[in-house]
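Single-structure report; data block below.
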Amino acid sequence: QGEVLIATKTHAPDVATARTHIEKALHELGRERLDIVHLHAARLADPFRERAAVLELLMELQQQGVIGLIGISSHYVCAIREAAKHPEIAVLHPLINRLGRGILDGSAKEMADAIHAAAEAGKGIYAMKALAGGNLISSALESINHVRQLSGVHGVALGMLSNQEIDANLDLFEQRDPVLSNWQTLQQRRRSLRIMERFCTGCGSCVKACSEGGLSLVEGKAVVNSEACVLCGYCAAACPEFIIRVV
Ligand code: SF4
Ligand code: SF4
């Protein structure tokens, strides 16, 4: 295992489902212990109230040695502020990017301040969505570096789809000089728009935000017309559910 830590999360709304998630993670990873388990309540403003029973289960499993550290992942500034006060939470996984895309109750500055305060309170912090779900891919290097240098951020979680992306990120995070041509290639690669359909409420905000005819509502769900989409990202910024990704 070396220095590798494995983090996972449960979005379960109840204890029985959360227990199933933990057992499944242990089984599929072939482990007896999970290093970090997050209470994944990305879209809940008050997970400590709405997921209280699940949090208690995680604490119980931690006492039994099945879980190393308990974390919380959130898109809410208020949840990160609250988590900083909870001694049972050791790790925070907040959403932050240079444009503040996806933060549900505040600005990038407010989230950055909450992160700083939480780190001062002793929490370990690794950020998510530094590229705003792929919407900042054309400025990936600048956007990742922006999050890395924020006060209190100890690490950044990055989704990677190719060996080239893994190599570029390793160069960057192992303090080697990033090979700019590699980053330019990654930043210019043709991407596509994806909508996480099962979370789509059919509100239509994305359709209104698109002047290219790139989206329509079909049976209550937003659907992409790839021929028309120019990947400008305006729809992603307009989506209240933060479910539009550039991949
Ligand atoms: S990325 Fe731009 S062009 Fe494509 S669907 Fe969204 S708003 Fe329309
Ligand atoms: S803005 Fe988001 S939730 Fe609303 S229709 Fe578009 S994709 Fe669905």
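Since every read-out is calculated from the coordinates, none of them should be taken as a lab result. None of the values given here were measured: they were computed from a predicted structure. Cβ sites come from the backbone with ideal geometry, for glycine too, and all protein chains shown count toward neighbours.
Within the range 71-111, being closer than 15 Å to Ala121 by Cβ and assigned to a strand (DSSP E or B) holds for Gly71, Ile72, Val91, Leu92, Pro94. Among the residues in the range 106-127, are any under 23 Å from Asp167 (Cα atoms) and small (Gly, Ala, Ser)? Yes, the range 106-127 contains at least one residue that is under 23 Å from Asp167 (Cα atoms) and small (Gly, Ala, Ser). Looking at the range 163-182, can you tell me whether even one residue there is in contact with a strand residue (DSSP E or B) (Cβ under 9 Å, 6 or more places away or on another chain), away from ligand 1 (no atom under 16 Å from the Cβ) and assigned to a loop (DSSP other than H, G, I, E, B)? Checked against the condition, which is being in contact with a strand residue (DSSP E or B) (Cβ under 9 Å, 6 or more places away or on another chain), away from ligand 1 (no atom under 16 Å from the Cβ) and assigned to a loop (DSSP other than H, G, I, E, B), the range 163-182 yields no hits at all.
Can you find a residue in the range 146-162 that is touching an Asp or Glu at 6+ places or on another chain (Cβ under 9 Å), surrounded by 14 or more Cβ atoms within 10 Å (Cβ to Cβ), touching a residue at least 24 places away in the same chain (Cβ under 8 Å) and over 25 Å from Ala114 (Cβ atoms)? So far as the range 146-162 goes, no, none of its residues is touching an Asp or Glu at 6+ places or on another chain (Cβ under 9 Å), surrounded by 14 or more Cβ atoms within 10 Å (Cβ to Cβ), touching a residue at least 24 places away in the same chain (Cβ under 8 Å) and over 25 Å from Ala114 (Cβ atoms). Kindly check whether there is at least one residue in the range 219-241 that is in contact with a strand residue (DSSP E or B) (Cβ under 9 Å, 6 or more places away or on another chain), in contact (Cβ under 8 Å) with a residue 24 or more places away in the chain and away from ligand 2 (no atom under 16 Å from the Cβ). No, the conditions are met nowhere in the range 219-241.
Check whether at least one residue in the range 174-191 is exposed (fewer than 12 other Cβ atoms within 10 Å of the Cβ) and acidic (Asp, Glu), and report yes or no. Yes, some residue in the range 174-191 is exposed (fewer than 12 other Cβ atoms within 10 Å of the Cβ) and acidic (Asp, Glu).
Just one of Ala45, Ala12, Ala18 is buried (at least 17 other Cβ atoms within 10 Å of the Cβ), in contact (Cβ under 8 Å) with a residue 12 or more places away in the chain and under 19 Å from the mean Cα position of the chain (by Cα); which is it? After applying the criteria, what remains is Ala12. The lone criterion from (1) surrounded by fewer than 18 Cβ atoms within 10 Å (Cβ to Cβ); (2) assigned to a loop (DSSP other than H, G, I, E, B); (3) not hydroxyl-bearing (Ser, Thr, Tyr) left unmet by Lys24 is number (2).
Scanning the range 187-211 for residues that are of a type in the set (Gly, Ala, Ser) and free of Cβ contacts under 8 Å to residues at least 24 places away in the same chain returns Gly202, Gly204, Ser211.
State all residues of the range 123-178 that are under 24 Å from Lys109 (Cα atoms) and among the acidic types (Asp, Glu); if no residue qualifies, say none. Answer for the range 123-178, where residues must be under 24 Å from Lys109 (Cα atoms) and among the acidic types (Asp, Glu): just Glu142.
With respect to Gly214, is the statement that it is without any contact (Cβ under 8 Å) to a residue 60 or more places away in the chain, within 11 Å of ligand 2 (Cβ to nearest atom) and over 21 Å from His146 (Cα atoms) true? Answer is no for this residue.
Which one is nearest to ligand 1 (Cβ to nearest atom) among residues in the range 189-247 that are assigned to a helix (DSSP H, G or I) and among the hydrophobic types (A, V, I, L, M, F, W, C)? In this case the residue turns out to be Cys235.
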